[in-house]
Structure formats: structure tokens, C-alpha cells
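The next block holds one structure in the form of C-alpha cells; read it before the comments.
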Amino acid sequence: MRNPRQLLALIPLLTLALTAAAPAQAQTGTLTGAITDAATAQPIVGAVVTVEGTSLTTRSGPGGRYSIVNVPAGEQNVTVTRIGYLAQRRQVTVAAGRTEVADFALLAGPLIPDSIAAVRGVQPAGPEVRIMLRAASSIAGSGRGFLPDFNTESYANIGENDFKLVSASPLSTFSIDVDRASYANIRRFIQDGERPPVDAVRIEEMINYFPYDWGHLSGEHPFAVTTEVWEAPWTPGHRLVRIGLHAQSIDTGDLPPSNLVFLLDVSGSMSSPDKLPLLKKAFALLVAQLREQDRVAIVVYAGAAGLVLPSTPGSEKDEIAAALEKLQAGGSTAGGAGIRLAYEVARENHIDGGNNRVILATDGDFNVGASSDAEMVRLIEKARESGTFLTVLGFGTGNLKDSKMEQIADHGNGNFAYVDGLLEARKVLIEELGGTLLTLAKDVKLQVEFNPARAAGYRLIGYENRLLADEDFNDDTKDAGELGAGHTVTALYEVVPVGTEVPRAVDALRYQPGPDDPPPAVFEGELMFVKVRYKDPDGTTSKLLEQPVADRVRSPSTDFRFASAVAGFGMLLRDSPHAGDLTLNDVVRLGERGKGDDPRGYRGEFIRLVEATRDLGLLKARGEGGR
């Protein structure tokens, strides 16, 4: 039952969040089908499918499949566009209450539809192409259209990790990161024909966006640690070491009961189609997966925060869906008040032994109340002690506050994802539901000790904002990352063997042991020693895993090749001085050799993104020549 304070909080929201939804179309049907390559018959992921004259649009997902509901009955013109293919337009007859199948086979061609190129009088090359791609995106009904002239998106500055001398810094310590937001965000930029900002590129999040196969998991711990050693593709003579953590998967039907609080931003900045309208569709996917033992409450915030839906059993899907559908955007953004109320509601409905979680969905534009990053972090850190974890979902363009959302997720024992469409929402909230909603290990830290008899230097690729002091590894009061059911985490180290010059490193130390003073011979075959500390989700004392890594280069697994391709692409996007002579063509070749079975098409989509970056000349904008 609502308390008086919560009832009063509803008053400012009556015109914002409880406006009656428009009546549904009386005569509608469903349009579905598959998008394939006309030459190879391979599925195309990420093609934009639009019903002209309506706001109905979607992107093709795994297997090239798409589906659009509530299509007005009658003759409809359907357009399909995808970077690297000719646009295709077809008239389809949709019958009321029925499902019409319309498959499309696209021909490879210019990066934009020929008709648009003819109107503008330009060839598909150079900076004008990027402008036209944005126009094509608008015509295709992507929901974004032209990027606004006034852009207030913010990203935290990232200073790329340089090489360190083993003799000076034999230990490397960091917190794991299972966020995926960066990859989805840079995909959005590239699909709009734009180069992503350098600080939007977090290489570890790009690598960890993709699922990897680590084999069977056994033992007393909820995850396994696996390592591989290979030659670095971008610098011959250097080693590339892959460290992988793989958490056990849990069938969604076996998940413990969930006490969820949807904390939804309904401020005026959320009004565009890629924000609140997409948010409502995304959360409807999650609602459809709820079980009778699960509970959901909905808290919204705009000029004030209020409880729109009290904690409701998952069996009441229609009631939850109706509350979502009524939400409308307007007003300023009282993010701090919303977070406080959401945690209060979660605490009041706490399930012992269950999954207690706040899911915050926003563009991150907190501008009323506790708005500074520092205030938000302190609020979240205090609230997490109640045992309620946090998931942050970012939406939209133009004023995305990536830096703020990532920070509060990290400090709230949670994870951060960017949702650029329903396909990404499905990946985050359905395919990765176990990892999103169930934490198996918290405060997970890695520490690597390098053997000076084998390694002269090293650098950690990515994780710049996850670095820890070496002494933090054994300090159980230090917060670190969380690992959810089915999550995989990959970390890559580039290692310089003894006898090879370490680039960009400090001078050797005068008083410290060097490579001429090796450790005992019993360790001389080891390249490094990996240690992992973690706590149980409700624990306060950490547990330790340890294992050595032999200095033995072997033929890499398919997953290792692909992870290397993603890392290389990230380095090129960041203008990294460590990329050597690597080119986008090299990345494509690495990606193709690491594509494997790719049942959902994620890796194939990555390869096409790299090809689009190359063909659009996005890297040349900053003078990278033929890369």
C-alpha cells in the first residue's frame, strides 16, 4: 500500500506520466520476414525496415529476422536500407489480425541509396556521403534522423594504458567490467555515418559485448579462469595474452524470484522516438518474461518523482504493461529524488534470497536535485548496502550522459548497457537476462604478476577506468565489478618478451632487480601469474583463485582471433600509438577468421561495421591515411 508521502509525490506527475494512452489501431496486422544478402543468401543483421507514412520501424536481428506489429491494414510501402547495400522498396498487403511474411534479398551496392545520391549530385565517397547517410537514416525512419546541431553528449576522458617495465611495476591490478554500452554506442555513430568520439571508445566493453565459448564449467567457484598466449597481430614479436572469466549459466526458469523496480526517466529530454517510446517497447519485452513469483514496481521522475505502479506480481502482466504504455515525457529531471524513491520501494519489498534490483532507464540528463556526479555516486554507494543492485540502461542521442551513467552503475554493484533499438533491448533484457538480473560474484578483481625472466614490459588493453592500486587487491573494503550468470569477461595484455625493447616505457630503475636477476628456476617457464578475488553476492570476505600462465605461444582459438580483431578496431578508433601498422583491412581479415558459427550474426555485423568505417573513410577524417 502506498504511504502518504508517495501519494503526494504522484500529484506533479498526473500530467506527465499518467496521460491515457492513445487508442490502439482497430484494424492492424503484423509484418515479419528475413533480410538476406542476394548473392550469398547470408542473413543481414541491422537492416532498417520501415513502413512508409508511419512511425513503425525496426532493425533485422539474429538470422536477419524482423517483425513489426500494429501495422495498419491495407497496401503498405515497405523500405529496407542497410549500409553497404542498395535500398529496396516493396508494396505489401497487410490483412487485419493476420501476419504477412515479406522477405527481402538485398544487393551489395553504394553506401547510400542511388536515388539520394542522384538528388545531391555526389558520389558515395568523402564527407558529403556522411551527411547524406544521416538523411538516408531519416528517410528510413530510424527514429534519429539528422543529428542535432546542439549536442551535449558527455564522455569521461580516457588516457590509454601505456607499456610498463616489469622491473619497475611487476603487478597489474584492475576490477572486471561486464558493461557493454560502448560497443552499441559506437555502432550507432557508425551507422549514422559518423566517427565516434575517442572517449566513447572503451575497448574492454567492445570486446566483452560478444559472447564467447569457454567450455564446461566445474569446481567450487561460480566461474572459471582460462588463459591463452598468441603473437600480437599488430606488433610482431610481442605476445598477446587473453585472460577469460566464464560464469555458469542459469536457465531463466531457475532464477530466484525477482523484486524489480523500474526507475524510468519521463522528463522532457526523453520525448524523441529513440528515448521514451523505445524505452516502453524495451521494457515490454522484459515484462513478457516475468514469472508469477517475480514482482515489479514502476517509479518515474520528471519535475518530481512518484510511484506509478506499486510492487505487482509478474502474473499481472497486463496491469504492468498498461502502466508502461501510459507514460509520457515532459518537465525537468529530478534524478536524485527518483533514485532515492526507487531504493525505498525496493527495500520495502525486499525478497530474502531473491534478486533485488533497480533498473534505471534514462538519457542520463540529471539536471534537478542531486545532479553532480559526486552526489550521485555517494547516494548509490549508500543504497547498495541494502543488498539492492543496479542496472543502468542508456537511451537516445544528442544529450547522452554516458560518463554519468557508467559511473553510477559501477558504484551501484551493477552494469551499464546502451539501447539503440529493440534488437539491443532483446539482447540485454532477454538473451542476457540471467547476467543482467542475477549476480553470482561481486567485487571481482584481477591481479597479474609478470615474471621478469620472461617479460620485459606489458600493457593492459582497455580497463583504464577500472585500474586499482596493487594494495587494493587484498582489501575487501574496496568495491569492484560484478559477474552475472552466464557472463564472460575477457582481458587482453600485450607483453614484451625479454630481449625486446619496451616502447614508451620509463627508464630502467637503478636499485631494483632487473632481467639479469631472474626468479628461481622453478618459475622460469612462466610468463605471468594470475590471481582473482571475489565475494559471494551476500558475502563480506573475498575468496581467491590462482593460476600460472606458461610462456607458450599456440595457435589461437577462434574466439581469441575475434577478440583481437575487436581490440584492434578499438585501437584504430582511438588513434592509439600502439596499433602499429594495423589497418582496417587487417581487422576485417582477423574478424573473418574469428567469425566461427556466429548463430546470432553479432560477429558478422561487427565485420560490416569495420568495412563501413573503411568505405566511408571515417578514420581519414583525422589523417590516418590508408587505414
With every protein chain in place, region 216-306: carbon and sulfur % of accessible area (1.4 Å) | 49
Summing Lys, Arg as +1 and Asp, Glu as -1, what charge do residues with Cβ under 13 Å from the Cβ of LEU327 carry, LEU327 excluded?
-> +2
Enumerate the amide H contacts of LYS543 below 5 Å, restricted to partners 5 or more residues apart or on another chain; note that Pro and chain-start residues carry no placed amide H.
-> TYR534, LYS535
Taking r as the C-beta separation of THR99 and ALA39 and R0 as 22 Å, the FRET efficiency to the nearest 0.05 is 0.20
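Ignoring any ligand, DNA or RNA, what whole percent of the accessible area of region 385-440 comes from carbon and sulfur when the probe is 1.4 angstrom? Walk me through the intermediate numbers first.
Details: 560 of 1120 Å².
Carbon plus sulfur share of accessible area: 50 percent.
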For LEU527, residues with placed amide H under 5 Å, excluding near neighbours = VAL549, ALA550, ASP551
In Hz, Karplus ³J(HN,Hα) per residue of region 409-419 (6.51, -1.76, 1.60; θ = phi - 60°; x = Gly, Pro) = 5, 4, 8, x, 6, x, 9, 10, 9, 10, 9
Could you point to the residue in PHE189, LEU217, MET206 farthest towards the positive end of region 176-218's charge dipole, with +1 and -1 charges on the Cβ of Lys/Arg and Asp/Glu respectively?
-> PHE189
Per the rule of 0.36 nm per residue minus the C-alpha distance, extending GLU385 to ARG291 adds in nm 31.2 nm
Amide H contacts of LEU440 (H built 1.01 Å from N, under 5 Å, at least 5 apart or other chain) = LEU483, GLY484, ALA485
If you plug each phi of region 50-57 into the Karplus form 6.51 cos²θ - 1.76 cosθ + 1.60 with θ = phi - 60°, what whole-Hz ³J(HN,Hα) values come out, in order, with x for Gly and Pro?
-> 10, 8, 4, x, 10, 8, 7, 7
Each residue of region 84-92 in order: what ³J(HN,Hα) in whole Hz does its phi give by Karplus 6.51 cos²θ - 1.76 cosθ + 1.60, θ = phi - 60°, with x for Gly and Pro?
-> x, 10, 6, 5, 10, 10, 8, 8, 10
Simple SL model, points at 7 angstrom along Cα→Cβ for ALA321 and ALA168; separation in nm is 6.1
Qualifying GluC sites (Glu not before Pro) for region 162-250 [loop in DSSP, other Cβ within 10 Å: at most 15] | GLU220
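Rg to Rh ratio, region 531-589, alpha-carbon atoms and Kirkwood radius? It would help to have the intermediate numbers written out before the result.
On the way: Rg = 17.5 Å, Rh = 14.8 Å.
When Rh is taken as the Kirkwood radius, the ratio is 1.18.
The values are calculated or read from the model by the stated rules, or taken from the named source; none is laboratory data. Not measured: the values here are computed from a predicted model. Neighbour counts are summed over all protein chains in view; Cβ atoms, including those assigned to glycine, are modelled from backbone coordinates with ideal geometry. Each accessible area value is taken on the protein alone, full model and side chains, heavy atoms only, with ligands, DNA and RNA left out. Shrake-Rupley method; radii C 1.70, N 1.55, O 1.52, S 1.80 Å.
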